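In what follows, a structure is listed as structure tokens, so that the remarks can point back to it.
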Amino acid sequence: MSRIEFVKAHACGNDFLVIEEAAAAGRHEAMAVKLCARNTGIGADGIEFLDRRPDGSLFLRLFNADGSEAELSGNGTRCVAAWLAASEGLKEVALGTHGGVRTCRLVERKGAEWWIESAMGVPRVMSRSIVIAGVDGAIEGAMVNVGNPHYVIFVEREDFSSHGLSWQELGAKISIDPLFKFGTNVEFVRVLGPHEIAFRIYERGCGPTTSSGTGTCASSAAAMTLREVARELSAAAQGGTQRVVWPDSASEMMLTGPAEIICKGEVEFA
């Protein structure tokens, strides 16, 4: 039995544990499954393992609540940046991920919230019609890559349902369909106006979540590219609103939103 130090933080309700990579000792998957459990663990959507490398660089490995490893999380990265700002006074930090380096800059602090602007890379958007087992008709949408995979569907209904299914049901089917070799995150997007979208997220390895940084970027990129909304917009998820700026399709997308440190402590792990 070992004692593991952790920090818990959330970004618009999308919550993560931050644990030093050295403490994982190769137990990443098991640790994620046990510690992220809502009723028997600490509870989180995933764990960001922070690796402090000999050259001074920082690298994040993200493990979802089901134990699967993902390329990155925009909200998780922002939570780590907020913790480094709070604990080490870092106002700007480059965080390596399997989806590329994400540079995060502290914009301001509002009470308990740390507002962080993150450089999220250059999204790639491709219109794609898909056919999913158990779903009637073709699903029109877009495959979007923002360092990790997303499938974005535009919907009209206020409950975000589509093809006779709730967004949660349809998201679950699409997320694990064999069409997506490594699975995919799924977003359901309503365009509310030229500067505003609302969306829901079904995350690969987590299920429905209140927010997603990369999901915000993917939804915004698809709306900007395929629905010709403004290149600066507000994207509202259940957990809150984030700001997205993407000057043009060749530029890096900038994401701004809050993160809050919930607690820190120790947990026993066998």
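The values are calculated or read from the model by the stated rules, or taken from the named source; none is laboratory data. All of these numbers come straight from a predicted model, not from anything done at the bench. Counting neighbours? That spans all protein chains shown, and the Cβs are built from the backbone with ideal geometry, glycine included.
Listed values, structure above:
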read-out	value
Residue within segment 52-75 that is buried (at least 23 other Cβ atoms within 10 Å of the Cβ) and assigned to a helix (DSSP H, G or I) present	yes
Qualifying residue in segment 84-93 (condition: in contact with a helix residue (DSSP H, G or I) (Cβ under 7 Å, 6 or more places away or on another chain), over 17 Å from Trp246 (Cβ atoms) and touching a residue at least 24 places away in the same chain (Cβ under 8 Å))	yes
Qualifying strands (runs of 3 or more DSSP E) (wholly inside segment 226-270; at least 3 residues being hydrophobic (A, V, I, L, M, F, W, C), modelled with pLDDT of 95 or more and closer than 23 Å to Glu203 by Cβ)	232-237, 254-269
Selected residue (criterion: surrounded by the fewest Cβ atoms within 10 Å (Cβ to Cβ)) from residues of segment 1-16 that are among the hydrophobic types (A, V, I, L, M, F, W, C) and part of a strand (DSSP E or B)	Ile4
Within segment 161-183, tally of residues that are crowded, with 22+ Cβ neighbours inside 10 Å and touching a Phe, Trp or Tyr at 6+ places or on another chain (Cβ under 7 Å)	3
Residue within segment 198-214 that is crowded, with 24+ Cβ neighbours inside 10 Å and part of a helix (DSSP H, G or I) present	yes
Hey, Phe188 assigned to a loop (DSSP other than H, G, I, E, B), touching a helix residue (DSSP H, G or I) at 6+ places or on another chain (Cβ under 6 Å), of a type in the set (A, V, I, L, M, F, W, C) and closer than 18 Å to Gly239 by Cα or not	no
Test for Ile19: is it surrounded by 23 or more Cβ atoms within 10 Å (Cβ to Cβ) and closer than 25 Å to Thr184 by Cβ	no
Enumeration of residues in segment 215-239 that are farther than 22 Å from Gly141 by Cβ and buried (at least 17 other Cβ atoms within 10 Å of the Cβ)	Gly239
In segment 12-34, the residues that are in contact with a Ser or Thr (Cβ under 6 Å, 6 or more places away or on another chain) and among the small types (Gly, Ala, Ser)	Gly13
Residue check, Phe269 among the aromatic types (Phe, Trp, Tyr), surrounded by fewer than 22 Cβ atoms within 10 Å (Cβ to Cβ) and touching a residue at least 40 places away in the same chain (Cβ under 8 Å)	yes
Leu255, sole failed condition from (1) in contact with a Ser or Thr (Cβ under 6 Å, 6 or more places away or on another chain); (2) closer than 19 Å to Ser129 by Cβ; (3) hydrophobic (A, V, I, L, M, F, W, C)	(2)
Flag for Val135 being assigned by TED's automatic domain parsing to the domain that holds Cys206, of a type outside the set (D, E, K, R), surrounded by fewer than 19 Cβ atoms within 10 Å (Cβ to Cβ) and not in a helix (DSSP H, G or I)	yes
Output for segment 149-178, where each listed residue is part of a loop (DSSP other than H, G, I, E, B) and under 14 Å from Arg204 (Cα atoms)	Ile176, Asp177, Pro178
Candidates Glu48, Glu88, Glu108, Glu71, filtered to the one that is assigned by TED's automatic domain parsing to the domain that holds Lys264 and within 22 Å of Lys181 (Cα to Cα)	Glu71
